[in-house]
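The values are calculated or read from the model by the stated rules, or taken from the named source; none is laboratory data. All figures in this text were calculated on a predicted structure; none of them were measured in a lab. Note that each Cβ is placed from the backbone with ideal geometry, even for glycine, and that neighbours are counted across all protein chains shown. All accessible areas refer to the heavy atoms of the entire protein, side chains included, with ligands and DNA or RNA removed. Shrake-Rupley method; radii C 1.70, N 1.55, O 1.52, S 1.80 Å.
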Amino acid sequence: MMASIEPGKQHIPKVAKVKNKAPAEVQITAEQLLREAKERELELLPPPPQQMITDLRYKEVDRARSIYERFVLVHPSVKNWIKYACFEEKHSYLAHARKVYERAVEFFGEEHMDEHLYVAFAKFEENQKEFDRVRVIYKYALDRIPKQDAHDLLKNYTIFEKKFGDRRGIEDIIVCKRRFQYEEEVKANPHNYDAWFNYLQLVESDMDAETVREVYERAIATVPPIQEKRHWKRYIYLWINYALYEELEAKDAERTRQVYQACLELLPHEKFTLAKMWLLYARSEIRQENLLLARRALGTSIGKCPKNKLFKGYIELELQLREFDRCRKLYEKFLGFAPENCTSWIKFAELETILGDIDRARVLWKSYIDFEMEQEECERTRRLYRRLLQHMQHSKVWISLAQFELLVGQEERLQRCRHIYEEANEAMHSCKDKEERVVLLESWRSFKDEFGTPATKERIDKLMPEKIKKRRKLQAEDGSDAGWEEYCDYIFPEDTANQLKLLAMAKLWEKQQQESKAAAMDPDKDIDESQT
């Protein structure tokens with residue numbers, strides 16, 4: 001307890017007594033004291049600045065909106081646009097929120113579409129019970145965003161339709177999923193034509209004409225990389241289906257014509273053609289009652305790339321129109337192109353018989369031959385066969401001649417038939433088509449089996465070729481490797497024997513040349529050998 005101090009008296013503290021007044025061992029200067037004080041001052045952290053925390057609670061919505069406007073322009077990412085729209089929705093400015101989403105869609109355009117923006121937009125409209133708007137948003141986005149970037153979009157669309165959709169809506173989402181699947185398949189392999197056919201069947205059953213045409217255009221753009229017919233047989237049906245869709249579904253005759261003409265221009269006719277396309281185009285023009293274009297197309301086809309099927313189709317058209325003079329001209333061109341086609345001779349002869357013109361029938365090869373055989377004019381028949389063989393060397397003609405000699409009924413018929421087969425085998429040596437030679441030899445063997453001896457049968461067996469499998473390298477149009485192809489080839493013993501004979505003769509000739517050269521260099525050796 002402190003002692004009280006009397007009033008009027010001042011308390012004077014006691015001064016401490018210094019016992020040792022000697023100077024300290026370590027002297028501290030005033031400068032050192034100031035430095036230490038300064039260092040300690042730097043170690044102290046400055047006090048935090050005073051902050052005033054503001055909140056969208058200040059009711060300054062307009063100012064916040066203006067900040068967001070600048071924010072999405074300076075940092076134009078999708079998430080910032082979504083934040084801006086959510087801000088408007090939070091404060092119940094629904095028209096403003098919808099406007100923000102619409103501006104975002106317009107801002108990013110179709111080049112930089114993001115599925116998250118459309119998912120957020122659709123969910124906003126879903127909250128407002130605007131289900132028709134939701135479907136429009138999802139379908140618009142799914143039609144334009146690459147399918148590999150639209151997984152969340154498709155997932156949310158599926159959930160939406162399951163919650164709010166009717167039967168039609170659920171069917172739409174199923175179609176959308178199938179479109180997504182086909183898109184993945186055709187992007188993984190653009191030349192997977194079966195996937196294109198499935199995709200086109202889907203869009204034709206449910207989509208508008210412009211969407212169908214867009215998918216068809218993408219499909220026909222996948223041209224086979226190799227100009228070989230076997231690679232085009234499946235692809236060409238994309239064009240056929242496209243043309244049939246334009247004619248039968250879209251009812252657009254001009255677009256149908258354009259599709260056919262574009263396809264025919266694309267085909268590499270110098271390497272191969274597809275008669276089916278020419279005939280389908282001609283029939284399409286006939287259905288449009290445009291006979292002139294149909295004839296022009298078929299005339300171009302047989303002039304540019306003649307084929308049996310094209311001639312037959314053109315003749316059939318003119319027969320239906322009862323244009324018999326045109327039929328005669330076409331038959332003449334047809335027989336000039338393929339004189340070995342016996343069916344065309346017979347058909348031409350039947351036409352002339354129906355028209356009552358016997359003289360025209362006699363100039364036809366096969367029909368004339370059959371006619372002369374019925375009249376038992378054997379010599380005239382033989383001459384006709386020889387005239388036919390002058391135009392072409394074909395196994396069927398030789399076999400037909402041999403069978404004719406066998407059926408004549410004369411005593412020397414077997415000898416004549418053997419002679420024909422011998423002559424045919426000799427003539428067919430130069431034939432490039434080895435299968436024709438095989439057909440001839442098989443016919444000859446059948447004849448020997450019936451009328452020959454064991455020795456003659458053995459001879460034919462020795463002439464039969466060996467069937468082997470070979471591989472050849474394929475090249476693409478640009479010259480790059482396109483893999484290997486397996487095919488069958490035939491090795492004829494006669495050809496091998498001839499090659500060995502030529503090789504032996506070449507070696508003998510070379511030996512003689514060497515001996516002649518040596519004799520010329522050493523004449524004394526020749527004299528000694530002659531004396532010996």
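For K251 and R133, a Förster radius of 30 Å and the Cβ-Cβ distance give a FRET efficiency of 0.35, rounded to the nearest 0.05. With K and R counted +1 and D and E -1, the other residues having a Cβ less than 14 Å from that of K470 yield a net charge of +2. Amide H contacts for A482 (H built 1.01 Å from N in the peptide plane; partners 5 or more residues away or on another chain; cut-off under 5 Å): L474, Q475, A476. For region 356-479, with all protein chains in place and a probe radius of 1.4 Å, 44% of the accessible heavy-atom surface sits on carbon or sulfur. Once the Cβ-Cβ distance of A37 and D152 is raised to the sixth power relative to R0 = 56 Å, the FRET efficiency obtained is 0.30. Label-to-label distance for F451 and R413 is 0.8 nm, based on points extended 7 Å past Cα in the beta-carbon direction. Of the GluC sites (Glu not before Pro) found in region 376-449, those in coil by DSSP whose Cβ has at most 12 other Cβ atoms within 10 Å are E376, E411, E412. Which pairs, out of K59/K139; K469/K511; K366/K473; K155/K229; K307/K473, put more than 31 Å between their alpha-carbon atoms? Table pairs above 31 Å Cα-Cα are K59/K139; K469/K511; K366/K473; K155/K229. Rounded to the nearest percent, how much of the accessible area of region 229-352 (1.4 Å probe, protein heavy atoms only) is carbon and sulfur? C and S atoms contribute 49 percent here.
Using θ = phi - 60° in the Karplus curve 6.51 cos²θ - 1.76 cosθ + 1.60, the 3J(HN,Hα) couplings for region 446-458 round to 4, 5, 5, 4, 8, 10, x, 9, x, 5, 5, 5, 5 Hz; x is entered for Gly and Pro.
Counting only protein heavy atoms and using a 1.4 Å probe, the accessible area of D461 comes to about 80 Å². Across region 369-380, computed HN-Hα scalar couplings (Karplus, 6.51 cos²θ - 1.76 cosθ + 1.60, θ = phi - 60°) run 4, 4, 5, 5, 5, 5, 8, 6, 8, 5, 5, 5 Hz from first to last residue, x flagging Gly and Pro. To the nearest 0.05, how large is the calculated FRET efficiency for D461 and R387 if R₀ is 30 Å and r is the Cβ-Cβ distance? Efficiency at R0 = 30 Å is approximately 0.35. Averaged over its residues, region 98-169 has an accessible area of 57 Å² per residue, based on protein heavy atoms and a 1.4 Å probe.
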